[in-house]
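All remarks here apply to the structure that follows.
Readers should treat all values here as calculations from the given coordinates under stated rules, not as data from a laboratory. This is a predicted model, so every value here is computed, not measured. Neighbour counts are summed over all protein chains in view; Cβ atoms, including those assigned to glycine, are modelled from backbone coordinates with ideal geometry.
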Amino acid sequence: MSTTLRFRATIQINNINPYVLVSARRAARLKKGWRKPLPVCVRVNGKPDQPWHINLMPIGDGTFYLYLHGDVRKASGTKVNDLVTVEVQFDDAYKGGPIHPMPSWFRKALDGNARAKQNWNKLIPSRQKEILRYFSNLKSSEAQARNVQRAMHVLSGGKGRFMARSWNDQRA
């Protein structure tokens, strides 16, 4: 069973992003020596009923930002400058990589092109996740066809723009 941290903190703001600062000492109680985004479940003032899954974002000195999603703030009835009770627990169920399933129309295209499939597998997980999230929001078959064509072109080594990036020999 993972440790659950409970502490009081004031919601602050970083640019437009409300957050609570998690000290290095507290973060070490969750996962000692962790320096990358730390997957956690969070509740603020006991809300939402089902803890929210999010990553603590490292600052670089062992402390982390706990950015508070709008749904969490709405459920807890909180805003910037409020003093809140925060519950944070390491998310043991977290699995890295894409959270959106690969659409069958994209899988079929990859299966038919060995080079594109090889280059897809070489992409960093966050890039794969970004592409699958984008594909999951495409509604029309025309948009799906247009985007799978662009993806296959750049993943096959062609130069072009896809997902607001210039691709040169499948690197973006």
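Need at least 1 residues that are under 19 Å from the mean Cα position of the chain (by Cα) per element, so show me which strands (runs of 3 or more DSSP E) inside the stretch 1-82 make the cut, counting only ones lying wholly within it. Lay out the reasoning, then the answer.
Working: elements: 4-10, 12-14, 17-22, 38-44, 47-58, 64-67.
Those strands (runs of 3 or more DSSP E) span 12-14, 17-22, 38-44, 47-58, 64-67.
Among the residues of the stretch 13-28, is any polar (S, T, N, Q), under 30 Å from residue 123 (Cβ atoms) and free of Cβ contacts under 8 Å to residues at least 40 places away in the same chain? Step through it out loud before you land on a result.
Applying the first criterion (polar (S, T, N, Q)) to the stretch 13-28 yields 14-15, 17, 23.
Filter once more, keeping what is under 30 Å from residue 123 (Cβ atoms): 14-15, 17.
Then keep just the ones that are free of Cβ contacts under 8 Å to residues at least 40 places away in the same chain; that gives 15.
Yes, the stretch 13-28 contains at least one residue that is polar (S, T, N, Q), under 30 Å from residue 123 (Cβ atoms) and free of Cβ contacts under 8 Å to residues at least 40 places away in the same chain.
Collect the residues in the stretch 111-147 that are closer than 30 Å to residue 37 by Cα and aliphatic (A, V, I, L, M), keeping them in residue-number order.
116, 123, 124, 131, 132, 138
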